[in-house]
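J.: Let me begin by handing over the structure; questions about it come next.
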Amino acid sequence: MPDTTSAAQHTGATPLLQTVGLTKRYGSFLANDKIDLDIRPQEIHALLGENGAGKSTLVKTIYGLIQPSEGEIRWQGRTIVLSGPSDARAHGIGMVFQHFSLFDNLTVAENVALGLDGKEPFKDMSARLEQVSRTYGLPLDPKREVWQLSVGERQRIEIVRALMQNPQFLILDEPTAVLTPQEADQLFIVLNRLKAEGRAILYISHKLDEVKRLCDTATILRGGRKVETCNPRAETAASLARMMVGGEIMEVKAAASRQITVPRLLVNDLSLTPDDPHGIRLEHISFELRGGEILGIAGVAGNGQDELFAALSGERLAKDPGTIVIDGHAAGHLSITRRRKLGAAFIPEERLGHGTAPRMRLSENALLTGHAIGNMVLHGFVNTAATLKTVDRTTETFDVRKAKRDPEAASLSGGNLQKFIVGREILRDPVVLIVNQPTWGVDAGAAAVIRQALLDLAAGGAAVLVTSQDLDELAEITDRIAVMFHGRLSAPVPTAEASRETLGLLMGGSSIEAPETPHATRA
Amino acid sequence: MQLVLEKRAERSATIALISPLIAIGLTIATLCIVFAVLGKNPIAALAVYFIDPLTDGYSLQEIAVKATPLVMIAIGLSLCYLANAWNIGAEGQFLIGAVAGSWLAVKTQGTDAGHWVLPAMLVLGAAAGALYALIPAICKVRFGASEILTSLMLVYVADLLLDYLVRGPWRDPQGFNFPTTAEFDPVATVPTLIEGGRLHLGSIIALFVVAAGAVLLGRTIKGFEIRVVGAAPRAARFGGFNANQLVLLTFAISGALAGLAGIIEVAGPVGHLQPGISPGYGFTAIIVAFLGRLNPIGILIAGLFLALTFIGGEQAQIAMKIPLDVTKVFQGILLFYVLACDSLILYRFRLISSSPKVQSGAH
């Protein structure tokens with residue numbers, strides 16, 4: 001294995017941080033099983049694995065949030081016991097979470113102050129904040145309130161907050177999930193600089209190209225165990241994926257030719273003010289989606305995708321019926337049930353609590369969206385046999401793994417529940433399918449099944465609208481892509497002609513006519 | 001070693017069934033301590049409370065009579081609670097139903113009105129209860145007012161209205177100034193089922209309500225809507241169910257059932273309108289609803305059990321001079337334990353070792 005790029009060589013033998021046989025048990029379930037990890041100074045170490053592989057448990061243990069059942073953590077060769085995150089920070093371990101813990105109505109400086117120990121006067125802290133953010137090329141105005149900031153800027157706050165404690169070791173949990181490609185590039189510059197200063201970074205991701213570009217070492221977890229530690233630059237994306245999944249992944253195949261037919265979904269100048277004061281206002285959204293076509297909507301989370309889904313599904317009604325036309329019928333004013341009767345189907349981002357009622361059985365969750373049409377309800381009475389039949393058909397067609405015939409939704413794994421939800425909607429043969437983040441947090445096997453199902457549905461003549469933050473996913477299955485930014489939608493372009501750079505710029509708001517200040521749109 | 005509460009993957013059906021029994025066991029254990037502190041023999045007191053009423057026919061009938069309003073109200077309340085609508089004011093809806101039905105009885109008193117009077121009274125009682133329950137429901141839906149507070153406060157309004165009517169306009173002229181209406185005419189009275197007994201037609205209506213509740217919740221799409229709106233509001237909206245509409249519906253149904261129970265109580269066992277027609281049925285029904293797991297059959301059983309405590313409490317006061325308020329203490333402790341035991345449906349206790357070494361040989 002060529003190891004010339006690895007930082008491990010030119011930094012002494014003592015790892016900065018080591019875990020030895022680290023094990024975490026929940027009942028009989030082993031979230032982490034005897035994990036050995038060596039992280040050296042001046043190393044960017046990737047932690048790879050599918051959802052549920054045990055990545056989060058491992059880093060939370062290293063950050064002191066979880067106490068290990070067995071095994072130990074060594075810091076610069078000495079065994080340490082971390083009673084909590086403040087303990088970890090005192091040793092020089094910092095962490096940037098995937099989900100930010102920021103108060104929207106406080107300023108940047110106030111948010112940072114809340115995360116520090118508070119011995120420093122606010123004014124000094126504020127000055128140091130500005131200095132740290134400038135030094136690392138992470139510009140922040142300490143006086144701005146968080147709700148005015150973009151997701152990328154919010155992440156900067158978290159990173160700067162961690163850097164202000166001058167950590168020797170920094171953990172980043174899927175930091176690029178919320179960034180445009182350009183923002184990700186900027187982040188990589190910062191991370192390389194931190195590395196050059198002699199710090200170590202543990203970088204959690206499932207984007208393999210990114211890991212190959214950035215990381216010196218990669219540790220792969222599967223089912224709670226360490227599979228391998230390797231040099232990612234010496235591997236291919238496919239070989240890394242095989243190690244993560246433990247086998248080959250089904251390849252998604254598009255039909256040779258798809259018949260693009262009549263418009264199934266028309267959106268005409270849709271504008272909508274959000275209920276939530278910090279929500280995003282939809283501004284003049286227009287597009288046309290034809291049968292046999294898959295349209296992708298890219299964009300950084302929080303740019304109006306949820307609001308658009310609510311408007312298209314009928315969870316929020318538009319005043320003007322003509323703004324949304326489903327299969328030739330003006331539907332802006334129709335309820336979600338009426339829209340389902342027109343042949344539309346919807347798959348929201350949140351599986352538990354939105355797409356399904358977590359503590360209800362699958363048959364009842366089949367009824368949740370199936371009651372509108374078909375034979376599930378007769379004269380107000382529920383036809384239990386019909387709901388169970390939907391569960392069985394979905395299970396069979398989409399390979400839903402479950403412990404019994406009709407379990408509660410919450411007991412299924414994320415991938416299996418998502419397959420159930422997608423199956424539930426697709427088996428109703430919709431003419432329009434609107435789906436938000438179809439494979440978010442889903443294992444690679446299930447993701448392939450779901451993408452294939454969307455392609456097959458379109459091949460059968462349905463119109464499919466896919467909103468996703470995953471550009472690779474959109475590139476794989478869509479015919480055209482549009483980008484959402486600040487509640488506006490760019491004109492769709494053919495996927496084959498859309499470069500990542502162009503899309504990234506659109507995701508950052510560059511070439512859409514953005515309003516003068518983001519402040520004005522959000523207020 | 002450490003005792004932790006651990007989340008279960010699925011709700012435990014077994015615990016859901018036995019949790020009320022555990023709660024009753026714990027309540028009785030606590031009650032024994034209360035009896036002992038009062039200087040009574042706990043075993044003898046428990047016998048008077050829970051065994052003696054089951055041994056003679058009169059008491060058995062009386063249990064059914066007391067259970068009738070409890071069950072009817074609790075069925076309605078269970079619909080509200082399942083839909084995440086917190087109707088605490090069933091006592092007020094019960095009283096308003098009694099007042100509205102009694103109005104017709106008072107107006108037709110001494111006339112030759114026929115057998116239409118009683119059915120009309122029942123309809124009036126149910127309608128008034130429903131309308132009265134809609135006040136907090138509309139305030140919640142339109143203005144976001146907490147239905148817990150508004151429904152509870154309306155209890156006192158209903159109580160004082162009843163008090164005013166029987167002391168003023170509706171007072172029986174021959175009643176020696178007692179605050180009561182005259183005895184209702186036979187056509188305005190709920191018929192008894194056994195000659196000379198206390199068991200009346202209302203108990204049959206209550207059984208019918210239980211059956212209707214079971215069908216509604218278990219078999220119909222409306223019942224499903226009620227359950228989803230309570231269990232997962234966002235999923236319910238995604239399903240196309242309107243939560244506000246269900247708040248209005250469940251409040252109206254529960255108000256109607258409470259009002260119906262009220263007029264049946266007045267036109268049946270009591271026979272006239274007077275203050276104190278309810279020993280707190282509307283509040284005890286809240287306990288019945290939860291003890292019965294918000295399930296109609298469970299509510300029937302729980303209603304009979306709590307009716308037993310009313311009768312037992314009266315007998316214990318007569319036989320052993322135990323204050324009647326012990327019954328209310330019992331009911332309060334019971335609700336506390338029921339809610340506490342319910343956490344075991346979704347969680348379980350687990351003893352775990354705090355030292356990592358002990359588990360090293362586990363696999």
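J.: Restricting attention to region A:373-380, does a residue exist that is under 25 Å from B:Asn242 (Cα atoms), buried (at least 21 other Cβ atoms within 10 Å of the Cβ) and more than 23 Å from the chain's Cα centre (by Cα)?
T.: Yes: region A:373-380 contains one or more residues that are under 25 Å from B:Asn242 (Cα atoms), buried (at least 21 other Cβ atoms within 10 Å of the Cβ) and more than 23 Å from the chain's Cα centre (by Cα).
J.: What are the residue pairs meeting all of these: first residue in region B:267-292, first residue free of Cβ contacts under 8 Å to residues at least 24 places away in the same chain, second residue small (Gly, Ala, Ser), Cβ atoms under 9 Å, and 6 or more apart or on different chains?
T.: So the pair list comes out as B:Val270/B:Ala98.
J.: Say whether the condition of being at pLDDT 85 or above, among the basic types (Lys, Arg), under 18 Å from A:Leu202 (Cα atoms) and open to solvent by 40 Å² or more (accessible area, probe 1.4 Å) is met by at least one residue in region A:58-68.
T.: Looking through region A:58-68, at least one residue is at pLDDT 85 or above, among the basic types (Lys, Arg), under 18 Å from A:Leu202 (Cα atoms) and open to solvent by 40 Å² or more (accessible area, probe 1.4 Å).
J.: Looking at region A:198-213 only, could you name the residues that are part of a loop (DSSP other than H, G, I, E, B) and within 15 Å of the chain's Cα centre (by Cα)?
T.: Hits for region A:198-213 are A:Ser205, A:His206, A:Lys207.
J.: Could you check region B:226-248 and list, in sequence order, the residues that are without any contact (Cβ under 8 Å) to a residue 24 or more places away in the chain and of a type outside the set (A, V, I, L, M, F, W, C)?
T.: B:Arg234, B:Arg237, B:Gly239, B:Gly240, B:Asn242, B:Gln245
J.: Look at A:Val442 and say whether it is part of a helix (DSSP H, G or I) and among the aliphatic types (A, V, I, L, M).
T.: no
J.: Return the only residue of B:Ala289, B:Ala188, B:Ala258 being of a type in the set (A, V, I, L, M, F, W, C) and in contact with a Pro (Cβ under 9 Å, 6 or more places away or on another chain).
T.: B:Ala258 is the lone residue from the list that is of a type in the set (A, V, I, L, M, F, W, C) and in contact with a Pro (Cβ under 9 Å, 6 or more places away or on another chain).
J.: Something else: Search region A:368-378 for residues being at pLDDT 90 or above and at the interface with chain B (Cβ under 9 Å from one of its Cβ atoms), and hand back the single one that is farthest from B:Leu216 (Cα to Cα).
T.: A:Thr369
J.: Which is open to solvent by 10 Å² or more (accessible area, probe 1.4 Å), more than 9 Å from chain B (Cβ to nearest Cβ), in a helix (DSSP H, G or I) and more than 18 Å from A:Val449 (Cα to Cα), of A:Leu334, A:Leu388?
T.: One residue alone meets the criteria, A:Leu388.
J.: If the requirement is being modelled with pLDDT of 95 or more, out of contact with any Pro (no Cβ under 9 Å at 6 or more places or on another chain) and more than 30 Å from A:Gly504 (Cβ to Cβ), which of these qualifies: A:Ile336, A:Ile324?
T.: Within the list A:Ile336, A:Ile324, the selection yields A:Ile336.
J.: Identify the residue in region A:391-413 that is away from every other protein chain (no Cβ under 14 Å) and within 14 Å of A:Ala447 (Cβ to Cβ) and, among all such residues, is surrounded by the most Cβ atoms within 10 Å (Cβ to Cβ).
T.: A:Phe398
Every residue, every condition in (1) over 27 Å from A:Leu378 (Cβ atoms); (2) out of contact with any Cys (no Cβ under 7 Å at 6 or more places or on another chain); (3) of a type outside the set (Val, Ile, Thr), yes or no:
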| position | (1), (2), (3) |
| --- | --- |
| B:Gly218 | no, yes, yes |
| B:Arg234 | yes, yes, yes |
| B:Thr250 | no, no, no |
| B:Ala267 | yes, yes, yes |
| B:Leu273 | yes, yes, yes |
| B:Phe305 | yes, yes, yes |
| B:Thr309 | yes, yes, no |
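J.: On the basis of being surrounded by fewer than 20 Cβ atoms within 10 Å (Cβ to Cβ), part of a helix (DSSP H, G or I) and in contact with a helix residue (DSSP H, G or I) (Cβ under 8 Å, 6 or more places away or on another chain), does A:Val160 make the cut?
T.: no
J.: State yes or no: is A:Ile434 part of a helix (DSSP H, G or I) and either within 14 Å of chain B (Cβ to nearest Cβ) or more than 26 Å from B:Arg227 (Cβ to Cβ) (or both)?
T.: no
J.: Taking region A:341-353, which residues are open to solvent by less than 10 Å² (accessible area, probe 1.4 Å) and within 7 Å of chain B (Cβ to nearest Cβ)?
T.: Answer for region A:341-353, where residues must be open to solvent by less than 10 Å² (accessible area, probe 1.4 Å) and within 7 Å of chain B (Cβ to nearest Cβ): just A:Pro348.
J.: So A:Arg480 clears everything in (1) among the charged types (D, E, K, R); (2) surrounded by fewer than 24 Cβ atoms within 10 Å (Cβ to Cβ); (3) within 14 Å of another protein chain (Cβ to nearest Cβ) except one condition, right? Which one?
T.: (3)
J.: Take B:Leu257 and decide whether it is part of a loop (DSSP other than H, G, I, E, B) and within 22 Å of the chain's Cα centre (by Cα).
T.: no
J.: Next question, about the same structure. Could you please let me know if B:Ile318 is β-branched (Val, Ile, Thr), in contact (Cβ under 8 Å) with a residue 12 or more places away in the chain and outside any strand (DSSP E or B)?
T.: Judged against the criteria, B:Ile318 is not a match.
J.: A:Trp147 fails exactly one of the following numbered conditions: (1) in contact with a Lys or Arg (Cβ under 9 Å, 6 or more places away or on another chain); (2) under 30 Å from A:Leu58 (Cα atoms); (3) touching a residue at least 40 places away in the same chain (Cβ under 8 Å); (4) in a helix (DSSP H, G or I). What is the number of that condition?
T.: (2)
J.: Cβ-Cβ below 7 Å, separation at least six or inter-chain, first residue in region B:9-27 and within 14 Å of chain A (Cβ to nearest Cβ) and polar (S, T, N, Q), second open to solvent by less than 40 Å² (accessible area, probe 1.4 Å) and part of a helix (DSSP H, G or I): which pairs?
T.: Within 7 Å, the pairs are B:Ser12/B:Ile345.
J.: Within region A:51-135, which helices (runs of 4 or more DSSP H) (wholly inside it) include 1 or more residues that are over 29 Å from the mean Cα position of the chain (by Cα)?
T.: Of the helices (runs of 4 or more DSSP H) lying wholly inside region A:51-135, those with at least 1 residues that are over 29 Å from the mean Cα position of the chain (by Cα) span A:85-91, A:122-135.
Residues checked against (1) farther than 28 Å from A:Trp75 by Cα; (2) modelled with pLDDT of 90 or more; (3) among the hydrophobic types (A, V, I, L, M, F, W, C); (4) surrounded by fewer than 20 Cβ atoms within 10 Å (Cβ to Cβ):
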| site | (1), (2), (3), (4) |
| --- | --- |
| A:Lys123 | yes, no, no, yes |
| A:Ser133 | no, no, no, no |
| A:Tyr136 | no, no, no, yes |
| A:Arg156 | no, no, no, no |
| A:Gln165 | no, no, no, yes |
| A:Gln168 | no, yes, no, yes |
| A:Leu179 | yes, no, yes, no |
| A:Glu183 | yes, no, no, no |
| A:Arg193 | no, yes, no, yes |
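J.: Kindly evaluate A:Arg428 against the criterion of being open to solvent by 50 Å² or more (accessible area, probe 1.4 Å), within 11 Å of chain B (Cβ to nearest Cβ) and of a type outside the set (Val, Ile, Thr).
T.: Here the answer is no, as A:Arg428 does not meet what is asked.
J.: Taking only region A:1-26 into account, find how many residues are within 14 Å of chain B (Cβ to nearest Cβ) and at pLDDT 85 or above.
T.: Residues that pass the stated criteria total 7.
J.: Taking the condition of being part of a strand (DSSP E or B), at pLDDT 90 or above and open to solvent by less than 20 Å² (accessible area, probe 1.4 Å), how many residues in region A:27-47 meet it?
T.: Within region A:27-47, residues that are part of a strand (DSSP E or B), at pLDDT 90 or above and open to solvent by less than 20 Å² (accessible area, probe 1.4 Å) number 9.
J.: Please enumerate the residues belonging to region B:228-250 that are in a helix (DSSP H, G or I) and either facing another protein chain (nearest Cβ under 7 Å) or surrounded by fewer than 21 Cβ atoms within 10 Å (Cβ to Cβ) (or both).
T.: Answer for region B:228-250, where residues must be in a helix (DSSP H, G or I) and either facing another protein chain (nearest Cβ under 7 Å) or surrounded by fewer than 21 Cβ atoms within 10 Å (Cβ to Cβ) (or both): B:Val228, B:Ala231, B:Pro233, B:Arg234, B:Ala235, B:Arg237, B:Phe238, B:Ala243, B:Asn244, B:Gln245, B:Leu248, B:Leu249.
J.: OK, next. Answer yes if at least one residue in region B:65-88 is touching a Cys at 6+ places or on another chain (Cβ under 9 Å) and open to solvent by 20 Å² or more (accessible area, probe 1.4 Å), and no otherwise.
T.: Among the residues of region B:65-88, at least one is touching a Cys at 6+ places or on another chain (Cβ under 9 Å) and open to solvent by 20 Å² or more (accessible area, probe 1.4 Å), which makes the answer yes.
The values are calculated or read from the model by the stated rules, or taken from the named source; none is laboratory data. None of these values were measured; they are calculated from a predicted model. Reconstructed Cβ throughout: ideal geometry from the backbone, glycine too, with neighbour counts over all protein chains shown. All accessible areas refer to the heavy atoms of the entire protein, side chains included, with ligands and DNA or RNA removed. Shrake-Rupley method; radii C 1.70, N 1.55, O 1.52, S 1.80 Å.
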